[in-house]
Amino acid sequence: MKILIMGAGKMGSFFIDLLSFDHEVAAYEKDATRLRFTYNCQRFTTLDEIKAFQPELVINAVTVKYTILAFEEVLPVLPKDCIISDISSVKTGLKAWYEESGHPYASTHPMFGPTFANLNQLSEENAIIITEGDHKGCVFFRELYQKLGLHIYEYSFEEHDKTVAYSLSIPFVSTFVFAAVMKHQDAPGTTFKRHMQIAKGVLNEDDYLLQEILFNPYTHDQVAQIRSELTELLQIIEEKDAAGMKAYLKKIRAHVARDIEIRRV
């Protein structure tokens, strides 16, 4: 298959490396310096090169802020039957845009990134495939993600947004709160260092990505839950309520029991 990958950032480069030995791959990147370390693929910086290439599949891996703008730029030079796809963690506005594009489409969300994931060992990572996409495109990504050993889930656009509101907004907001109140430690403990490592990764994410995840219409209720839990915990602390603390710890241990093995105390 002839595949055009838009964007040669970390995820774009990952897909170039992943696909270039089994498919005819071209990378489109306006900033030519970002193409210096790509290999085994054609390197494009103009729309005329894309038109001549005649891709069968486009994977849009540009920064989330420019996903739709990047599509609109290349659409006029793509064959009518070319499948267009994105790997964005934010799907806001994409369903409506895809349906107006006139092209078959596939939308997926590899729920890992270069910040925390080991891209050479992904067997514990997940990916979402949007069910409303083109069948051929969905099959392509399903087979690709299966080869990587990813756990694959199929959701609608709406179900995806709800999942992201939970799985990303809660840890992001928790990290924001930690970063907002922390003080530099010359001799930090293990837990503090781990939280700092997470904060470093999250705060190095693109501002627009963080904004759009938090502005997801389903995020508000998740953040409100954090506020409620903090209110309850603060009251226990203010009252030095030992029984209340024991009950609270029992509650939260039970809440995470399916996902975390906790030593019995």
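The values are calculated or read from the model by the stated rules, or taken from the named source; none is laboratory data. This structure is a prediction, so every number in the text was calculated from the model and none was measured. Using ideal geometry, Cβ is built from the backbone for each residue, glycine included, and neighbour counts are taken over all protein chains shown. What goes into the accessible areas is simple: the full protein's heavy atoms, side chains included, and nothing from ligands, DNA or RNA. Shrake-Rupley method; radii C 1.70, N 1.55, O 1.52, S 1.80 Å.
In region 1-144, what % of DSSP beta bridges are antiparallel (nearest 5)? Bridges in region 1-144 are about 15 percent antiparallel. Annotation: peptides 34-47, 95-108, 173-186, ranked by per-residue average of other Cβ atoms within 10 Å with the highest first, follow the order 95-108, 34-47, 173-186.
Leaving out ligands and nucleic acids, note down the accessible area per residue over the chain with a 1.4 angstrom probe, in whole Å². Show your work: numbers first, answer last.
On the way: 15900 Å² over 265 residues.
Result: 60 Å² of accessible area for each residue.
Of all DSSP bridge pairs formed entirely within the chain, close to 10 percent run antiparallel. Between Tyr218 and Glu24, full extension at 0.36 nm per residue minus the direct alpha carbon distance yields a gain of 65.9 nm. Taking the inverse of the mean 1/r over every pair of distinct Cα atoms in the chain gives a Kirkwood hydrodynamic radius of 20.8 Å. Can you pull out the GluC sites (Glu not before Pro) in region 195-265 whose DSSP state is coil and whose Cβ has at most 12 other Cβ atoms within 10 Å? In loop regions of region 195-265 (DSSP not H, G, I, E or B), the sparsely surrounded GluC sites (Glu not before Pro) are Glu239, Glu261.
Relative to the longest principal axis of the C-alpha atoms of the chain, give the angle of the C-alpha long axis of helix 219-238, reported between 0 and 90° and rounded to the nearest 10°. It works out to around 20 degrees. For Cys41, neighbours were defined as the other residues whose beta-carbon sits under 10 Å from its Cβ, and their charges (Lys and Arg +1, Asp and Glu -1) total -1.
Put a dot 7 Å past the Cα of Arg258, heading toward its Cβ, do the same for Lys65, and the two dots end up 3.8 nm apart.
Calculate, in nm to one decimal, what Phe37 and Tyr208 gain on full extension: separation in residues at 0.36 nm each, minus their alpha carbon distance.
Taking 0.36 nm per residue and subtracting the Cα distance, the gain is 58.9 nm.
Once the mean of 1/r is taken over each pair of separate Cα atoms and inverted, region 90-248 shows a Kirkwood hydrodynamic radius of 18.4 Å. Remark on region 153-243: hydrodynamic radius 15.1 angstrom, per the Kirkwood mean of 1/r across alpha carbon pairs. In straight-distance terms, cross-link reach from Lys183 covers every one of the lysines whose alpha-carbon lies under 17 Å from its own, apart from those fewer than eight places away in the same chain; here that gives Lys193, Lys200. Along the charge dipole of region 1-114, pointing to its positive end and built from +1/-1 on Cβ of Lys, Arg, Asp and Glu, which listed residue (Leu47, Pro104, Ala70) has its Cα farthest out? My answer, from the dipole projection, is Ala70.
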